[in-house]
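Trainee: Once you've had a glance at the structure underneath, I'll fire off some questions.
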Amino acid sequence: PEPSDPLEPSDDDILAATVSRTKFSIIWIIPILSVMIAAFLLWRSVYNRGPTIVITFDTADGLTSGQTQVKNKAVTLGTVDSITLSPDMHHVDVKVQMNASASGLLSDQSRFWVVRPRINGASVTGLETLMSGAYIALDPGPPGGRKTSQFTGLESPAGIQSDQPGRTYTLVAPA
């Protein structure tokens, strides 16, 4: 056999060079792991995001964008996204980003009101908001309503909530 040319690489040299070029560096684990975590957080954010609704109130007293929450039975169901004046300048439109878990509670039967400290002749309510701040309460109403994203908020708490026994009567008299 003829001796090989010392300047020409052998088959073993080519195989070793190929293996060393394809070897995975441990340094790449950190960026790849960071991208995977960011992708997971983005997916979870989109997955947990529910519908955006608009509630119209007479005033925005006690409401703050990004802080005021929508609650039912002390469970947070959404957060106020923005507060703007209505086009007629007589009301405020409160845009709320709801959680995905709250989607089934939003119908034309749902009622919203701002919980803040109130003193009536017979009762004192909303004292817990002195420390935590006002929040928007949600009463989902009876089942079977039509889905909607536009609501008119009540200016005072609902007399009877949908999960409590009792009836509400409206007295109508001629003017």
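The values are calculated or read from the model by the stated rules, or taken from the named source; none is laboratory data. What you see is a predicted model, and the numbers here were worked out from it, not measured in a lab. Reconstructed Cβ throughout: ideal geometry from the backbone, glycine too, with neighbour counts over all protein chains shown. These accessible areas exclude ligands, DNA and RNA; they are computed on the full protein's heavy atoms, side chains included. Shrake-Rupley method; radii C 1.70, N 1.55, O 1.52, S 1.80 Å.
Trainee: Could you check, for the stretch 41-52, whether at least one of its residues is at positive phi and open to solvent by 50 Å² or more (accessible area, probe 1.4 Å)?
Mentor: From the stretch 41-52, those at positive phi are none; that's our starting set.
Taking every residue of the stretch 41-52 in turn, none turns out to be at positive phi and open to solvent by 50 Å² or more (accessible area, probe 1.4 Å).
Trainee: In addition: If we keep just the residues of the stretch 143-175 that are of a type in the set (A, V, I, L, M, F, W, C) and more than 23 Å from the chain's Cα centre (by Cα), which is modelled with the lowest pLDDT?
Mentor: Ile160
Trainee: Is it the case that Ser107 is at pLDDT 90 or above and part of a strand (DSSP E or B)?
Mentor: Considered against the rule, which asks whether it is at pLDDT 90 or above and part of a strand (DSSP E or B), Ser107 comes out as no.
Trainee: Are any residues in the stretch 73-108 exposed (fewer than 13 other Cβ atoms within 10 Å of the Cβ), under 22 Å from Trp43 (Cα atoms) and among the hydroxyl-bearing types (Ser, Thr, Tyr), and if so, which ones?
Mentor: Of everything in the stretch 73-108, just one residue is exposed (fewer than 13 other Cβ atoms within 10 Å of the Cβ), under 22 Å from Trp43 (Cα atoms) and among the hydroxyl-bearing types (Ser, Thr, Tyr), namely Ser103.
Trainee: Out of Ile55, Ile37, which single residue is in contact with a Gly (Cβ under 9 Å, 6 or more places away or on another chain), at pLDDT 90 or above and hydrophobic (A, V, I, L, M, F, W, C)? Walk me through how you get there before you give the answer.
Mentor: Values: Ile37 fails: in contact with a Gly (Cβ under 9 Å, 6 or more places away or on another chain).
It is Ile55.
Trainee: Let me ask something else. Just to be sure, is Ser45 under 22 Å from Lys147 (Cβ atoms) and hydroxyl-bearing (Ser, Thr, Tyr)? Spell out how you get there, then give the answer.
Mentor: Numbers: under 22 Å from Lys147 (Cβ atoms): no; hydroxyl-bearing (Ser, Thr, Tyr): yes.
No; evaluated as a whole, the condition is false for this residue.
Trainee: Specify which of the listed residues (Thr59, Thr52, Thr84) is free of Cβ contacts under 8 Å to residues at least 40 places away in the same chain and in a strand (DSSP E or B). If you could, list the steps in order and put the result at the bottom.
Mentor: On the way: Thr59 fails: in a strand (DSSP E or B); Thr52 fails: free of Cβ contacts under 8 Å to residues at least 40 places away in the same chain.
Only one candidate passes the filter, namely Thr84.
Trainee: On to the next question. Note down all Cβ pairs under 7 Å where the first residue falls in the stretch 142-161 and is of a type in the set (A, V, I, L, M), the second is in a loop (DSSP other than H, G, I, E, B) and loosely packed, with under 11 Cβ neighbours inside 10 Å, and they're at least six residues apart or on different chains.
Mentor: Short answer, once both residue conditions are applied: Ile160/Gly166; Ile160/Thr168.
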